[in-house]
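Since the structure comes first, as structure tokens, the remarks are kept for the end.
Please treat every number below as a calculation from the coordinates, not as lab data. Fair warning: this is a prediction, and the values are worked out from it, not measured in the lab. Cβ coordinates were reconstructed from backbone atoms using ideal geometry, including for glycine residues, and neighbour counts include every protein chain displayed.
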């Protein structure tokens with residue numbers, strides 16, 4: 001117990017920070033998609049996942065999770081918290097196995113526990129913390145399997161057959177290859193961006209074996225068997241993946257990558273402070289962080305003797321390389337399409353924190369290293385505190401506040417319309433009125449004509465109201481919920497609708513300054 005006390009305390013601290021104010025942020029569009037999707041039957045859920053743009057594993061996990069804990073906001077985000085805390089342990093275990101350094105392992109656990117980028121995404125019921133955990137777990141199992149395979153090779157070189165320790169070692173090696181294979185299957189079925197991480201880990205396994213065994217292909221049997229199982233596991237989903245890929249290409253929305261995209265993401269990974277890349281002063285600091293990141297990763301490689309440093313480096317750079325490659329290929333086709341969003345790099349961020357911890361722990365001047373460690377901890381805690389103070393969440397109830405107001409005022413027989421699909425699903429999650437909300441589409445009567453970006457995968461034609469005037473009659477009371485978020489505004493209403501009242505509730509997602517507005521009308 002005493003031996004593990006530092007890690008236990010770090011896990012407790014990481015848990016407390018991840019629960020802090022977690023449910024005060026209203027559930028938003030992306031999370032609502034998760035929450036509503038798991039309410040369908042299993043077959044219907046899988047079908048509708050295929051209509052969207054993500055693989056199914058996160059929703060499968062979330063569905064089993066909700067069987068135990070329900071689908072409250074705390075429960076939905078609780079799974080993100082669980083994987084966020086589990087990543088602290090996984091970071092510790094990975095570093096201890098890969099670099100045989102208890103100090104570096106503890107420092108890595110601290111950095112992951114306090115990292116503002118990691119902390120931010122436990123407040124979302126989405127697949128990011130789950131993906132980061134399994135990306136790290138896959139790395140851990142691979143390192144452990146490769147270490148054991150090397151040890152087994154060395155003991156067999158002694159030509160003493162059937163040693164009991166050899167039998168146990170081989171069994172454990174096979175178990176770790178199995179864990180690696182299973183974790184890899186989970187990540188490629190969790191988020192398509194994790195393909196880059198999976199490719200990095202897979203490539204590293206071959207590099208390690210070649211470095212240690214050259215052309216002795218007998219040593220490659222286990223890892224190649226793992227790759228075959230991983231590849232075959234994706235075949236049942238391949239057709240759906242190709243459909244989703246074409247769908248994304250037909251309706252793209254992610255802004256193109258630019259020269260500040262990578263420095264800004266590295267800023268998030270290291271500091272997590274808000275930044276405005278249009279400001280010259282911010283651009284200066286982004287350049288500094290970019291150069292610092294290159295410097296410490298270079299030093300991490302130079303000063304670390306263990307070969308597994310290359311796994312860490314590949315896991316950091318592969319997603320960036322993949323994003324740049326995608327942008328270049330799109331440009332060759334005359335497009336500015338990009339798959340670059342900061343949250344997709346949470347999977348690389350966890351390895352970034354590990355590289356930073358290992359580099360820092362190996363500095364020759366131990367006093368300087370300890371001082372740097374403390375400064376970074378203080379900086380992370382300051383960032384965490386600053387983030388919540390700037391968010392002013394107590395005064396921004398958002399959709400939760402609007403839903404509470406509607407629950408207290410909407411009566412049976414009245415009409416309840418939502419002006420944009422980007423607020424329709426999260427309101428649908430919160431709705432406890434006796435009235436079924438419907439989505440105003442401005443003339444669109446068929447879900448097939450609505451973009452996947454708007455969440456058409458979980459819409460039905462019965463959810464839609466194409467025309468306000470045709471759907472109401474004199475004497476009706478109409479409640480219209482709308483937003484200024486997502487580029488939306490108040491829909492134009494018929495002239496015979498007379499406004500009775502209007503209340504606004506500031507939200508923080510998709511960004512601070514978003515307002516959820518409820519307008520009450522009487523139809524003349």
Output the Cα-based Rg and Dmax of the chain in Å, rounding Rg to one decimal and Dmax to a whole number. 25.5, 95
Packing-based ranking, highest mean first, of 128-136, 421-429 given that Cβ atoms within 10 Å are counted: 128-136, 421-429
Mind ranking 450-456, 289-295 by how tightly packed they are, going by the mean number of other C-beta atoms within 10 angstrom, highest first? 450-456, 289-295
Within a 10 angstrom radius of the beta carbon, how do 268, 476, 216 rank from fewest other beta carbons to most? 216, 476, 268
I'd like the orientation of helix 421-430 relative to the chain: the angle between its Cα long axis and the longest Cα principal axis, in ° from 0 to 90, rounded to 10. 90 degrees
Using Cα pairs closer than 8 Å and at least 6 residues apart in sequence, work out the relative contact order for the chain, in percent. 17 percent
Relative to the chain, whose Cα atoms define the longest principal axis, helix 346-361 and its Cα axis are tilted in degrees, nearest 10, by 40 degrees
Enter the angle in degrees (range 0 to 90, nearest 10) between the Cα long axis of helix 5-19 and the first principal axis of the Cα atoms of the chain, meaning the one along which they spread out most. 20 degrees
Quick one: of the DSSP bridges fully inside the chain, what percent are antiparallel, nearest 5? 70 percent
With each run of n ≥ 4 DSSP H residues scored as -39500 (n - 2.57), what mean residue ellipticity at 222 nm is computed for the chain after dividing by its residue count and rounding to the nearest 500 deg cm²/dmol? -20500 deg cm²/dmol
How many angstrom lie between the C-alpha centres of segment 499-524 and segment 336-408? 30 Å
